[in-house]
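Novice: Let me begin by handing over the structure; questions about it come next.
The values are calculated or read from the model by the stated rules, or taken from the named source; none is laboratory data. Given the structure is predicted, the values throughout are model-derived calculations rather than measurements. Because the Cβ atoms are built from the backbone with ideal geometry, glycine has one as well, and the counts that use them run over all protein chains shown.
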Amino acid sequence: MSASFNTLDTWWQDSLGALPAQSHHNGQSYFNSEPPFTTLIDTASIHPLHQLGLISIEGPDASRFLQGQLTADIEALAIGESTLAAHCDPKGRMHANFYLYCATKDHYLLQLPISVVDTALTALNKYAVFSKATLTDISTKYAAFGFAKVNPVPDNTDLLASLTINTVGSIQWIKRAAITHYLSSLEILDAQWCGSAAWEYRLINAGLSFVQPQTVGEFIPQMFNLDYLGGISFTKGCYTGQEIIARMKYRGKVKRRCFPFITTAANNTLTIGDECLNAEGQLIGTIVGVTNDIKNTPAQSYGMVAIKVAAAEEASLSIKGETAI
């Protein structure tokens with residue numbers, strides 16, 4: 001997911017030591033043998049995804065509770081399916097957006113940047129107090145691996161869930177305790193090991209952005225293009241923030257949307273929350289996702305910027321003094 005990147009915890013450090021040589025820069029991981037991002041489009045790849053977290057929602061009221069809180073139509077989600085969705089405040093601003101997976105009609109999983117797990121749990125729990133649904137952060141019990149242009153290993157007892165990620169590929173969540181066996185099972189796959197930074201590039205290339213700590217409560221779902229990406233149902237019943245989100249569709253106009261950008265910003269110092277300016281130096285947007293390609297010469301940064309729609313076609317945009325295209 002386009003994420004803020006976190007220092008590897010001890011478990012990830014130990015587990016990744018069994019894989020080919022790699023390095024970490026600004027919290028992003030890179031395998032020494034992986035190619036520049038631009039050659040990834042047709043490359044089969046496997047990605048350890050330390051930047052992701054997982055929330056479990058379980059109980060007899062789980063489906064009804066989520067139906068009244070999230071932008072997606074939970075009742076239309078079949079067991080084993082996943083969808084984009086968001087949880088908003090009453091003003092329609094997102095606490096978080098994520099992939100929702102239906103394990104059973106009494107058990108769902110939310111996959112999101114680990115940096116906003118606590119925020120998402122706090123926001124959801126405010127509404128869960130009167131529901132028979134238990135929300136739990138299970139991020140330290142499971143680990144995520146992304147697969148692009150290659151079919152992951154078949155279901156096994158170590159697998160909790162396999163989520164389809166739009167046009168990008170899929171993500172498997174496996175028991176951390178089973179990591180040795182799981183990594184051995186991947187040896188039969190003809191795929192390149194790539195880091196978390198390359199996965200973020202794939203997400204950006206597919207137009208996907210996710211709320212980070214710097215952007216909590218700043219954007220409505222349409223600004224992250226969730227209406228185009230299948231993350232909003234305009235036919236389901238009421239949910240928190242629904243009135244504002246529906247009004248924007250039927251009566252208003254979305255003034256800001258996310259667009260991808262490329263820049264050669266010096267030293268790959270771009271961060272989420274950085275400002276995007278036009279030729280006159282006026283603020284027209286905010287970076288909501290970024291990843292750095294240190295394999296390319298010169299190094300390049302790719303990202304998503306939430307920008308005024310009217311300014312999206314301007315010939316000259318700059319971020320930290322560097323031209324962005």
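Novice: Go through (1) part of a loop (DSSP other than H, G, I, E, B); (2) within 24 Å of residue 128 (Cα to Cα) for residue 243 and report which single condition fails.
Specialist: Here residue 243 clears every test but (1).
Novice: I've got another one for you. Within the range 37-52, how many residues turn out to be closer than 28 Å to residue 213 by Cα and either among the charged types (D, E, K, R) or surrounded by fewer than 16 Cβ atoms within 10 Å (Cβ to Cβ) (or both)?
Specialist: Residues meeting the conditions: 0.
Novice: Can you tell me which residues in the range 254-274 are modelled with pLDDT under 85 and part of a strand (DSSP E or B)?
Specialist: The one that is modelled with pLDDT under 85 and part of a strand (DSSP E or B): 263.
Novice: Still on this structure: Taking the condition at pLDDT 95 or above and aromatic (Phe, Trp, Tyr), does residue 65 pass?
Specialist: yes
Novice: Working only within the range 133-191, note down all residues that are surrounded by 14 or more Cβ atoms within 10 Å (Cβ to Cβ) and in a helix (DSSP H, G or I).
Specialist: Selection gives 176, 178, 179, 182, 183, 185, 186.
Novice: Additional query: Just wondering, is there one or more residues in the range 105-112 that are within 30 Å of residue 28 (Cβ to Cβ), aliphatic (A, V, I, L, M) and in contact with a Gly (Cβ under 7 Å, 6 or more places away or on another chain)?
Specialist: yes
Novice: Between residues in the range 47-67 that are within 15 Å of residue 129 (Cα to Cα) and residues that are buried (at least 24 other Cβ atoms within 10 Å of the Cβ) and among the aromatic types (Phe, Trp, Tyr), which pairs lie under 7 Å by C-beta distance while being six or more apart or on different chains?
Specialist: Partner pairs satisfying both residue conditions: 57/108; 62/108; 66/108.
Novice: Then there is this: Which condition number in (1) surrounded by 17 or more Cβ atoms within 10 Å (Cβ to Cβ); (2) out of contact with any Leu (no Cβ under 9 Å at 6 or more places or on another chain) is the one that residue 211 fails?
Specialist: The single condition residue 211 does not satisfy is (2).
Novice: Using the structure shown, decide if residue 122 is outside any loop (DSSP other than H, G, I, E, B) and of a type in the set (Val, Ile, Thr).
Specialist: yes
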